[in-house]
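Chemist: My structure is below; once you've seen it, I'll send some questions.
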Amino acid sequence: MHKFIAIVGTNSDESTNRTLLQFMQKHFAAQATIELVEIKDLPMFNKPENKQVPAAATAIAEKIDQADGVIISTPEYDHSAPAVLMNALEWLSFHIHPFVDKPVMIIGASYGSLGTSRAQAHLRQILDSPELRARIMPSSEFLLGHSLQAFDADGNLVDEQKLAKLTGLFTDFQTFVDITAELNHANEANRKEVQNVNWDKL
Amino acid sequence: MKLVGIAGSVADKSYNRLLLKFIATHFSDTVDVEILDIQDVPMFNQSDDQTDSDAVQYLSHKIKQADGVIIATPEHNHTITAALKSVIEWLSFKIHPLSGKPVMIVGASYYDQGSSRAQLNLRQILESPGVDAIVMPGNEFLLGEVKEAFDDQHNLKDARTVSFLKETLEKFVKFVKVINTMNGPAEDDSWKSEDLEAHGKVETTIEGVNMHAADWVEQAAAKTNAATGDDYVKLDRGVLTVNQLNYFLNSMPMELTYADANNQFIYYNHNAEAKDMMAARTPAQAGNPMADCHPKRAIPHVQQVIHMLRTGKTDLFKLPVPGNGPEKYIMHYYQAMHDAKGDYKGINEFVLDILPIVKYYLAHTGQVLAKDPNAKADAISGASAKSADTKPDSVSGASADAVPEQPDEVSGASADPEPVEPEVDSISGASGNDN
């Protein structure tokens with residue numbers, strides 16, 4: 001059974017993105033194990049000269065290392081991903097590289113009707129950068145608009161169409177994870193390239 | 001002029017802070033730049049509101065009091081830093097000090113990109129409704145290979161870079177004045193009298209027909225007993241049948257729209273379906289008041305443009321249309337029309353893709369596009385293609401609210417002085433409508 005890490009892309013106490021991931025964890029329990037990870041406790045990234053990565057970041061990196069893939073659920077602030085999520089990804093690409101070649105599924109929920117469309121595009125761009133170089137599932141978007149109305153009291157996604165879409169995408173993601181495992185010819189080179197990025201020697 | 005500078009880094013050592021310091025000292029005769037510290041701003045958290053904290057309030061007050069803001073952004077993972085994004089989130093949550101504020105973006109990076117992608121992202125973020133800043137278009141100052149850029153005294157080494165930065169800063173000073181005049185108490189707000197609902201009438205207005213009706217054209221034609229088909233019309237200079245006029249106008253290599261002096265949209269050369277048009281129009285729209293053809297928030301801009309044309313401040317207003325990819329460079333022209341006495345008769349709006357013309361000219365004269373080393377703005381290369389969401393402007397480009405394309409400026413510094421191959425592939429649209 002696949003094991004996934006699900007990153008809650010916010011530090012807010014109340015978050016429909018968290019609700020969405022919790023729902024997936026429960027709903028797809030027969031298909032995969034999903035562990036939710038919070039990013040609230042990471043300090044502000046400040047590119048420390050001593051290259052010290054906080055323990056909270058290495059702990060997340062280890063979880064990602066051991067997982068078959070990562071699901072990220074992002075809110076949208078100011079037409080982009082939240083600072084706290086960008087911050088987590090900065091730490092997770094600073095002298096540690098858990099995302100290299102790791103399959104990633106991006107989803108998002110918003111109160112309004114757009115469902116984080118721009119934040120997801122932004123997040124794709126970030127995850128595609130050389131120090132992260134994740135394997136983002138292509139041509140797939142799960143945009144959950146009007147998210148405050150999307151769940152019932154038990155945290156179940158009520159809209160059947162949305163649920164069918166999410167189920168389809170999640171099943172696709174599992175296939176994508178298997179396919180990605182075969183796209184392995186450049187893994188070693190990618191890993192080396194990332195490790196060789198030496199900011200000091202430039 | 002009082003500016004504040006924000007370096008988008010909380011690292012102990014920041015070349016972007018260094019760049020701001022250089023701007024502050026080297027150009028102190030032009031501008032007064034105070035560098036603001038974002039070190040103490042906490043990570044944004046909507047469930048732990050720290051809007052009233054000293055660090056956030058300090059920034060808010062300083063920004064509000066300043067005439068403009070310069071942001072120097074690093075690039076991390078193809079985007080701006082979380083630290084900078086967090087600051088912007090606080091400044092767009094419960095308070096909005098950047099609203100209407102002129103902003104200039106600069107950036108420095110270790111590698112040669114010079115924060116190009118972070119700058120585009122930052123523009124998009126600053127233009128979102130909660131932030132609502134007014135970012136100076138064009139004039140990108142990208143400082144690549146920054147570790148080599150400064151001398152021991154923290155001065156930029158390259159004279160061309162310094163001169164480009166000076167030029168950019170001088171433009172920003174003008175930009176700040178213009179924007180703040182626009183935002184200030186309106187000295188002349190006569191443009192507000194432009195009634196886009198077309199309540200008034202001009203001598204040609206066809207009364208008694210509902211302007212909103214989908215069959216306005218048919219109703220208006222019946223009401224006026226309009227010439228049609230093979231009826232002859234005497235023109236200056238010629239005589240054509242209505243059919244011939246249609247052949248003629250429909251074969252024009254551009255999209256034509258007639259908006260009359262009453263701000264009513266009364267004609268377009270209907271030779272394509274809306275989906276195939278550069279600026280979509282549908283047959284049912286003919287006859288509509290111009291207010292129907294623009295999103296509400298664009299109305300003031302449209303009013304201003306129309307008023308400039310009506311009052312003769314300009315006879316031609318033009319702007320490129322964003323978001324059309326590298327293979328097109330679509331221009332919107334708004335040409336004032338006048339009768340023989342010079343009285344304003346409306347707007348001839350024409351839309352065309354000028355890239356084929358440019359390409360043809362180059363191909364047939366054996367020339368290529370080359371960067372002009374002396375150019376103030378490098379017209380080649382594009383800008384951000386931002387998503388247009390929510391209710392796209394139904395008569396699309398007709399809105400004057402599209403932000404004119406932001407030409408990419410090579411950081412005068414490391415730019416290759418030799419002419420380069422035409423970079424038509426890199427031409428792309430500019431920022432689009434954004435809610």
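The values are calculated or read from the model by the stated rules, or taken from the named source; none is laboratory data. In this text the structure is predicted, and so the values were computed from the model without any measurement. Using ideal geometry, Cβ is built from the backbone for each residue, glycine included, and neighbour counts are taken over all protein chains shown. Surface areas here come from the heavy atoms of the whole protein model, side chains and all, with no ligands, DNA or RNA. Shrake-Rupley method; radii C 1.70, N 1.55, O 1.52, S 1.80 Å.
Chemist: Pairs B:Lys101/B:Lys166; A:Lys40/B:Lys85; B:Lys13/B:Lys85; B:Lys171/B:Lys345; B:Lys275/B:Lys313: which exceed 24 Å Cα-Cα? Show your work: numbers first, answer last.
Modeler: Details: B:Lys101/B:Lys166 21 Å; A:Lys40/B:Lys85 16 Å; B:Lys13/B:Lys85 19 Å; B:Lys171/B:Lys345 36 Å; B:Lys275/B:Lys313 34 Å.
As for pairs spanning more than 24 Å Cα to Cα, those are B:Lys171/B:Lys345; B:Lys275/B:Lys313.
Chemist: Let me know the mean shielding of B:140-147 by other chains, meaning the per-residue number of their Cβ atoms within 10 Å of its Cβ.
Modeler: 1
Chemist: Spin-label point model (7 Å from Cα, Cβ direction): what's the B:Asp152 to B:Lys94 distance in nm?
Modeler: 5.1 nm
Chemist: Next up: Can you give the average number of partner chain beta-carbon atoms within 10 Å of each beta-carbon in peptide B:69-82, as a whole number? Could you put the intermediate results ahead of the total?
Modeler: On the way: counts 0, 0, 0, 0, 0, 1, 1, 11, 15, 10, 10, 3, 8, 15.
The mean count of partner-chain Cβ atoms within 10 Å per residue comes to 5.
Chemist: Cβ neighbours within 10 Å, averaged per peptide: list B:68-77, B:167-176 in order, most packed at the top. Mind showing how you got there, number by number?
Modeler: On the way: B:68-77: 25.8, B:167-176: 18.6.
Highest mean packing first, the order is B:68-77, B:167-176.
Chemist: A further question on this structure: Would you list the P(r) distribution for region B:155-201, with all Cα-Cα distances sorted into 5 Å bins from 0 and each bin expressed as a whole %?
Modeler: For region B:155-201, the binned pair fractions read 5, 16, 13, 12, 11, 10, 9, 7, 6, 5, 3, 2, 1 percent.
Chemist: A further question on this structure: Relative to the present Cα-Cα distance, how much length would full extension add between B:Leu245 and B:Thr314 at 0.36 nm per residue of separation?
Modeler: Roughly 22.0 nm would be gained on extension.
Chemist: Now for a different question. Reported to two decimal places, what Rg/Rh ratio describes the protein assembly as shown when computed on Cα atoms with Rh from the Kirkwood expression?
Modeler: 1.01
Chemist: With label points built 7 Å along Cα→Cβ from the Cα atoms of A:Gln66 and B:Glu327, find their separation and express it in nm.
Modeler: 5.0 nm
Chemist: Evaluate the relative contact order of region A:1-155 (contact order divided by residue number), counting alpha-carbon pairs under 8 angstrom at least 6 apart; express in whole percent. Before the final figure, lay out the partial values.
Modeler: Details: 300 pairs, mean separation 38.5, N = 155.
Reported as a whole number, the value is 25 percent.
Chemist: Report the label-to-label distance for A:His185 and A:Asn46 in nanometres (one decimal), using points 7 Å from each Cα along the Cα→Cβ vector.
Modeler: That separation, rounded to one decimal, is 4.6 nm.
Chemist: Residues in region B:341-371, backbone N under 13 Å from the label point at B:Asn271 (7 Å along the Cα-to-beta-carbon vector): list them, ranges by number please.
Modeler: Counting backbone N atoms under 13 Å from the label point, the list is B:351-353.
Chemist: Further question on the same structure: So what is the 222 nm mean residue ellipticity for the protein assembly as shown from helices alone, if each DSSP H run of at least 4 adds -39500 (n - 2.57) and you divide by all residues, rounding to the nearest 500 deg cm²/dmol?
Modeler: Details: 15 runs with 187 residues, N = 637.
Calculated mean residue ellipticity at 222 nm is -9000 deg cm²/dmol.
Chemist: Let me ask something else about it. Given R₀ = 35 Å, what would the calculated FRET efficiency be for A:Lys192 paired with A:Glu141, taking r from the Cβ atoms and rounding to 0.05? The partial results should precede the final answer.
Modeler: Details: r = 32 Å, r/R0 = 0.92.
Efficiency, from the Cβ-Cβ distance: 0.60.
Chemist: For the pairing of chain B with chain A, what total accessible surface becomes buried, with a 1.4 angstrom probe, in square angstrom to the nearest 100? Before the final figure, lay out the partial values.
Modeler: Working: alone 22090 and 10430 Å², together 29300 Å².
The contact between A and B buries close to 3200 Å².
Chemist: May I pose another question? First measure r as the distance between the Cβ atoms of B:Met254 and B:Lys166, then evaluate 1/(1 + (r/R0)^6) with R0 = 51 Å and state the FRET efficiency to the nearest 0.05.
Modeler: On the way: r = 40 Å, r/R0 = 0.78.
The pair B:Met254/B:Lys166 has a calculated efficiency of 0.80.
Chemist: Further question on the same structure: Contour minus end-to-end for B:Asp195 and B:Ala363, with contour as 0.36 nm per residue of separation and end-to-end as the Cα-Cα distance? Write down the numbers at each step before the final one.
Modeler: On the way: separation 168, 0.36 × 168 = 60.48 nm, distance 4.62 nm.
Extra length available between B:Asp195 and B:Ala363 comes to 55.9 nm.
Chemist: Okay, next question. Count, for each residue of A:72-80, the Cβ atoms from other chains sitting within 10 Å of its Cβ, then give me the mean as a whole number.
Modeler: 6
Chemist: Just A:His79, A:His146, A:His185 to compare: in a GNM of chain A, with alpha carbon springs under 10 Å, which one fluctuates most?
Modeler: Result: A:His185 has the largest fluctuation of those listed.
Chemist: What percent of all Cα-Cα pairs in chain A falls into each 10 Å bin, going from 0 up to the bin containing the maximum distance?
Modeler: 9, 37, 37, 15, 3, 0
Chemist: Net charge near B:Phe350, counting Lys/Arg +1 and Asp/Glu -1 over other residues with Cβ under 10 Å of its Cβ?
Modeler: Neighbour charge sum, excluding B:Phe350 itself: -1.
Chemist: Now a separate question. Just how far, in whole angstrom, is region B:210-288 from region B:80-149 if you go by their alpha carbon centroids?
Modeler: Using only Cα atoms, the two centres lie 45 Å from each other.
Chemist: Ranked highest first by average number of other Cβ atoms within 10 Å, how do B:309-316, B:277-284, A:189-196, B:5-12 line up?
Modeler: Ranking, from highest mean packing down: B:5-12, B:277-284, B:309-316, A:189-196.
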